[in-house]
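The values are calculated or read from the model by the stated rules, or taken from the named source; none is laboratory data. On a predicted model such as this, the values are computed, not experimentally measured, just so you know. Virtual Cβ from ideal backbone geometry, glycine too; neighbours counted across all protein chains shown.
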């Protein structure tokens, strides 16, 4: 999932970007309303965190203009705690509202909820056959056995799960899983898809009670490639 954060306080912007990326999302930043509006209209973000008090164009105006062309979920940030301001934000098209100072964990939880609602996923759990994805805890199991994924692999699985039954193109995956600093011409997506398939192909070894050494870690890639075909399956020990 890819998130845009529009915030003019450099330290707060850097902190939010770091927290969102650590939570497994691709994230872009903008330091003023004009830049934020340009990026919000240019890319299909899964959610936007938008400060109200911005230079160039304030958050209200950014939101008003954005709603002419995009339905991207928007979480407003503001130092104003008045009812009138909250009503104004919601009536202008905001989907949620957080008052500064805030707890970063709350912002992350509200972002996750916005993304789920926009994908018509009311509960924070996806079940795809034997695979279960807990979007609140950001954990994955298959047949009840934990599967250890990298943040990018988890984001890939969550995106595909939220859009199951729909056509998902390579371009869509690049736009939603990678931020503006990533090289979209690399084969990184193919690597993540291959690794995700590998990590989810665990059932037969898990059922047989086989575990890799170094619990919780995958075998080295060269070691994997030397394994017989029937054993090229990864499990996460618990």
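Tallying residues that are within 25 Å of residue 110 (Cβ to Cβ) and out of contact with any strand residue (DSSP E or B) (no Cβ under 6 Å at 6 or more places or on another chain) within the range 129-148 yields 5.
Within the range 19-61, the set of residues being part of a loop (DSSP other than H, G, I, E, B) and farther than 30 Å from residue 157 by Cβ comprises 31, 32, 52, 53, 54, 55, 56, 57, 58. Just one residue in the set 120, 104 is under 30 Å from residue 141 (Cβ atoms), in contact (Cβ under 8 Å) with a residue 24 or more places away in the chain and surrounded by fewer than 18 Cβ atoms within 10 Å (Cβ to Cβ); that residue is 104.
In the range 184-207, which residues are at pLDDT below 65, out of contact with any helix residue (DSSP H, G or I) (no Cβ under 9 Å at 6 or more places or on another chain) and more than 23 Å from residue 139 (Cβ to Cβ)?
Listed by number, the list holds a single entry, 185.
Note on the range 60-85: residues that are touching a strand residue (DSSP E or B) at 6+ places or on another chain (Cβ under 7 Å) and without any contact (Cβ under 8 Å) to a residue 12 or more places away in the chain amount to 0. The requirement of being surrounded by 14 or more Cβ atoms within 10 Å (Cβ to Cβ) and over 17 Å from residue 7 (Cβ atoms) is not satisfied by residue 110. For the range 66-79, the tally of residues that are over 21 Å from residue 119 (Cα atoms) and buried (at least 16 other Cβ atoms within 10 Å of the Cβ) stands at 2.
Among residues of the range 172-182 being surrounded by 10 or more Cβ atoms within 10 Å (Cβ to Cβ) and more than 12 Å from the chain's Cα centre (by Cα), the one that is farthest from residue 112 (Cα to Cα) is 182.
Could you check the range 81-99 and list, in sequence order, the residues that are surrounded by 15 or more Cβ atoms within 10 Å (Cβ to Cβ) and over 23 Å from residue 136 (Cβ atoms)? Result: 85, 86, 88, 89, 92, 93. Is there a residue in the range 93-107 that is in the same structural domain as residue 197 (by TED's automatic domain parsing) and farther than 23 Å from residue 24 by Cα? Looking for residues that are in the same structural domain as residue 197 (by TED's automatic domain parsing) and farther than 23 Å from residue 24 by Cα, one finds none in the range 93-107, hence no. Identify all residues within the range 103-141 that are in contact with a helix residue (DSSP H, G or I) (Cβ under 6 Å, 6 or more places away or on another chain) and over 23 Å from residue 20 (Cβ atoms); write none if there are none. Across the range 103-141, the qualifying residue is only 128. Taking the numbered list (1) assigned by TED's automatic domain parsing to the domain that holds residue 191; (2) within 22 Å of residue 2 (Cα to Cα); (3) touching a residue at least 12 places away in the same chain (Cβ under 8 Å); (4) surrounded by fewer than 20 Cβ atoms within 10 Å (Cβ to Cβ) in turn, residue 145 passes all entries but (2).
Quick check on the range 40-55. Is at least one of its residues on the phi > 0 side of the Ramachandran plot and free of Cβ contacts under 8 Å to residues at least 60 places away in the same chain? No: the range 40-55 contains no residue that is on the phi > 0 side of the Ramachandran plot and free of Cβ contacts under 8 Å to residues at least 60 places away in the same chain.
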